[in-house]
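Notes follow once the structure below has been shown.
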Amino acid sequence: MKAIVCTQYGPPDKLQFKEMPTPKPNDNQVLVKLHAASVNPLDWRIMRADPFFVRLFIGLLKPRLEILGSDFAGRVEEVGKNITQYRPGDEVFGAKGFSGGAFAEYVCATEEELAQKPANASFEQAAALPVAALTALQGLRDKGNIQAGQKVLIDGASGGVGTFGIQIAKSFGSEVTAVCSTKKLDTARSIGADHVIDYTQEDFTRNGLQYDLILAANAFHSVFDYRRALTPTGICVKAGGKPTFSGALQDLLLAPLLALAGRKKTCGIFAKMNHSDLVILADLLEAGKMPPVIDRSYPLNETAEALRYLEIGHARGKVVIAIEQSPNS
């Protein structure tokens, strides 16, 4: 099979498009013939080993797993003997997380990493969901304890997590304010934002308005800034931004100490891949409550360009990979 291979840490130029052995599912896995994948900041951070400490988990000198990619969608090709939920021909989508393997023509996955693709959704739409939408769902629901009627702000509302965050927050019955750049305000409105703030013209942390819940998809502000924009019992969930040493100190030490002085909270979210939440995402997609915003699509052999584009930080919604099977697959 064809795959995108990462044998050393570095920029997208280091990636190779090459022939690799087709994986064989074990007794607890499904082999999926892929039709689409999508790229996430997780992928380029693994590619670059950024921040450096992630090497402790993915390989000190080089990546332990050569094929990158988490999000995918395709058809079941083969199932292990212990698989009960799927059979060959089923259309599925899922996420591999740090274990990778989705930038290829085939991938093996467990039942926990999969869900049935809605029949009314394309493979590209389904592949756009997992990491970003799970981050938004679990950040708002599990960390933020979102409730109907709350005032919710999505900071970084035009990216993958942000666009899903707007729609998920609306599905809970919240009043949503989206923060993004001038050229992306219309996109935020079109997917349900009640209010929009152009961050090039206004700093939401200093305009005097407060929110019950902030999902910081691009967590570029300090913990003090976010707390200023929270109601007395508000919660800020940080789901993105560039990791820095000072930011880590704020999150690990300062935020818990500040929480002791009041009821405002600041916390982080790292999505957990699980079947039950993938089913929730599939239901929202099928019902038309969460159509993915897809910026652009690249063929598998141009995955490096897709990662380069995503890394620049100007993508509107998701960037997907359309996987066409080679004749000898």
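The values are calculated or read from the model by the stated rules, or taken from the named source; none is laboratory data. The structure displayed is predicted, hence computed values, not measured ones. Neighbour counts are summed over all protein chains in view; Cβ atoms, including those assigned to glycine, are modelled from backbone coordinates with ideal geometry.
Considering segment 181-218 alone, what residues qualify as being surrounded by 14 or more Cβ atoms within 10 Å (Cβ to Cβ), hydroxyl-bearing (S, T, Y) and part of a helix (DSSP H, G or I)?
Scanning segment 181-218 gives a single hit, T187.
Within segment 22-32, is even one residue surrounded by fewer than 15 Cβ atoms within 10 Å (Cβ to Cβ), assigned by TED's automatic domain parsing to the domain that holds R308, touching a residue at least 40 places away in the same chain (Cβ under 8 Å) and charged (D, E, K, R)?
Scanning segment 22-32 turns up at least one residue that is surrounded by fewer than 15 Cβ atoms within 10 Å (Cβ to Cβ), assigned by TED's automatic domain parsing to the domain that holds R308, touching a residue at least 40 places away in the same chain (Cβ under 8 Å) and charged (D, E, K, R).
How about segment 81-105: which of its residues are in contact (Cβ under 8 Å) with a residue 60 or more places away in the chain and not in a loop (DSSP other than H, G, I, E, B)?
Residues satisfying the conditions are V92, F93, G94, A95, G97, A104.
If you go through segment 34-75, how many residues are buried (at least 19 other Cβ atoms within 10 Å of the Cβ) and either small (G, A, S) or part of a strand (DSSP E or B) (or both)?
14
Scan segment 3-30 for residues that are over 24 Å from the mean Cα position of the chain (by Cα) and not hydrophobic (A, V, I, L, M, F, W, C) and jot them down. Give the steps one after another, and end with the answer.
If we filter segment 3-30 for residues that are over 24 Å from the mean Cα position of the chain (by Cα), which is where we start, we get 18-28.
Residues satisfying the conditions are K18, E19, P21, T22, P23, K24, P25, N26, D27, N28.
Enumerate the pairs (first residue in segment 172-199 and over 18 Å from A216 (Cβ atoms) and not assigned by TED's automatic domain parsing to the domain that holds H314; second residue anywhere and in a strand (DSSP E or B) and of a type in the set (S, T, N, Q)) with beta-carbon separation below 8 Å, excluding pairs fewer than 6 apart on the same chain, so at least 6 apart or on different chains.
Partner pairs satisfying both residue conditions: D194/T177.
Here is a yes/no grid of residues against (1) buried (at least 20 other Cβ atoms within 10 Å of the Cβ); (2) touching a residue at least 40 places away in the same chain (Cβ under 8 Å); (3) touching a Cys at 6+ places or on another chain (Cβ under 9 Å); (4) part of a loop (DSSP other than H, G, I, E, B):
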{"site": "M273", "(1), (2), (3), (4)": "yes, yes, no, yes"}
{"site": "P291", "(1), (2), (3), (4)": "no, yes, no, yes"}
{"site": "N301", "(1), (2), (3), (4)": "no, yes, no, no"}
{"site": "A306", "(1), (2), (3), (4)": "yes, yes, no, no"}
{"site": "E311", "(1), (2), (3), (4)": "no, yes, no, no"}
{"site": "H314", "(1), (2), (3), (4)": "no, no, no, yes"}
{"site": "K318", "(1), (2), (3), (4)": "yes, yes, no, no"}
{"site": "I321", "(1), (2), (3), (4)": "yes, yes, no, no"}
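Output the qualifying pairs, or none if there are none: Cβ atoms under 8 angstrom, residues six or more apart or on different chains, first residue in segment 154-165 and under 9 Å from C180 (Cβ atoms) and part of a helix (DSSP H, G or I), second residue of a type in the set (D, E, K, R) and at pLDDT 95 or above.
G162/D155
I'm told K18 meets every condition in (1) part of a strand (DSSP E or B); (2) touching a residue at least 24 places away in the same chain (Cβ under 8 Å); (3) of a type outside the set (A, V, I, L, M, F, W, C) except one. Can you identify the failing condition by its number?
(2)
Could you please let me know if E78 is assigned to a strand (DSSP E or B), surrounded by fewer than 24 Cβ atoms within 10 Å (Cβ to Cβ) and not polar (S, T, N, Q)? Full working, then the answer.
Numbers: assigned to a strand (DSSP E or B): yes; surrounded by fewer than 24 Cβ atoms within 10 Å (Cβ to Cβ): yes; not polar (S, T, N, Q): yes.
So E78 fits the description; yes.
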